[in-house]
Structures are given as structure tokens and as C-alpha cells.
Amino acid sequence: MVRNGFMRSNKGDTIIEVTMAILVVGTILGGAYVAANRYFKNVRQAQEYSTALKIAEGQIEQIKSLAASSDNTPFSQTSPFCILNGGFQDASNASNCITTDNIAYKQKIERTSDDAAHRYDFVVTVSWENINGGSNSVLKLIYRMYN
């Protein structure tokens, strides 16, 4: 049968052509899956880091608030601590200083001082279980205050 000068063939695609098409589509879909998975892991890691940063900044704000109210407790703490619900918690017992936001964030504040300059450095550490497994992720902020 001839239509518009072209001859139509009743032949279909061969098994090799179908196999190659499936292979190409499968490779593209596999690559898209890997890229999407990596993207979502990176987004999750950024969310975890952002949450840890908010927790650490909150601890610093509470230290500043206590210092402004003439409460010298942050300056007299010698062992690691955290501030939860407006009160001091001993951070040597890890269960005292855990905040949960779908995952557990362990927090700890350590104080160092230079008595001659009345300078206090507060090291706020927040750690959490890494989304990829393995070692924990850790965020540290250092806040310097003069009293």
C-alpha cells in the first residue's frame, strides 16, 4: 500500500529495539532516583542543622537573659549544664538535656573564664544522630560575655 509516496510496512519493533528502549528509560529513571534521594538527604541534613542551630541560639539567649536579670548562676556553674524550661540541668546526665524534634538533640553548655578580665566563654554544644548513620553530627557555638 502506497500513501503519499511512502510505503508502509507491517513490521513491528524487534526485541533488540524494545530491550534498548527499556534499558535507556531504566537508566534515566535510575539516575533520577539517585539524584532525588541525594537531594532529600541534603534537605534533611540542612533541616537538622537548622534545628540544632536554633537550639544552641536559644541556650545563648537564655544565658543572656539570666545575666541581664542579675542572676549569676551561669557564671558560677563549673560542670557542664543546659537550661531547659527556665531551669539549670546537669548535662553530665545526658537524659537531662535532650530536646526532641522528631530526633533527639543533646545539648551541653561548658563555661570557661578569665577572672582577671571578668570574661566568660560559654561553649554550647548540640549533637544529634546523623541521618546517614555513623558518627553523630555536632554543632558548637562559642559565646563570650563580660561580667
Taking interchain pairs and intrachain pairs at least six residues apart, which have beta carbon atoms under 7 angstrom, with the first residue in the stretch 94-106 and over 14 Å from G58 (Cα atoms) and free of Cβ contacts under 8 Å to residues at least 40 places away in the same chain and the second open to solvent by 80 Å² or more (accessible area, probe 1.4 Å) and assigned to a strand (DSSP E or B)?
-> A94/K106
Does Q59 satisfy the condition of being among the polar types (S, T, N, Q), outside any loop (DSSP other than H, G, I, E, B) and within 20 Å of the chain's Cα centre (by Cα)?
-> yes
Identify the single condition in (1) in a helix (DSSP H, G or I); (2) at pLDDT 90 or above that Q107 does not satisfy, given that it satisfies every other one.
-> (1)
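Yes or no, residue by residue, for (1) free of Cβ contacts under 8 Å to residues at least 40 places away in the same chain; (2) basic (K, R):
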{"site": "Y39", "(1), (2)": "yes, no"}
{"site": "T51", "(1), (2)": "no, no"}
{"site": "K64", "(1), (2)": "no, yes"}
{"site": "A68", "(1), (2)": "yes, no"}
{"site": "D71", "(1), (2)": "yes, no"}
{"site": "P80", "(1), (2)": "yes, no"}
Run S69 past the list (1) modelled with pLDDT of 90 or more; (2) open to solvent by 70 Å² or more (accessible area, probe 1.4 Å); (3) within 30 Å of C97 (Cβ to Cβ) and report the number of the one that doesn't hold.
-> (1)
Out of the residues in the stretch 95-117 that are charged (D, E, K, R) and surrounded by fewer than 13 Cβ atoms within 10 Å (Cβ to Cβ), which is farthest from N42 (Cα to Cα)?
-> D115
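Before we move on, is Y120 open to solvent by less than 50 Å² (accessible area, probe 1.4 Å), among the aromatic types (F, W, Y), closer than 21 Å to S135 by Cα and part of a strand (DSSP E or B)?
no
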Just a yes or no: is a residue in the stretch 32-53 hydroxyl-bearing (S, T, Y), in a helix (DSSP H, G or I), surrounded by 13 or more Cβ atoms within 10 Å (Cβ to Cβ) and modelled with pLDDT of 90 or more?
-> yes
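The values are calculated or read from the model by the stated rules, or taken from the named source; none is laboratory data. Here the structure is a predicted model, which is why all the values come from computation and not from measurement. Note: ideal-geometry Cβ built from the backbone for every residue, glycine included; neighbour counts use all protein chains shown. These accessible areas exclude ligands, DNA and RNA; they are computed on the full protein's heavy atoms, side chains included. Shrake-Rupley method; radii C 1.70, N 1.55, O 1.52, S 1.80 Å.
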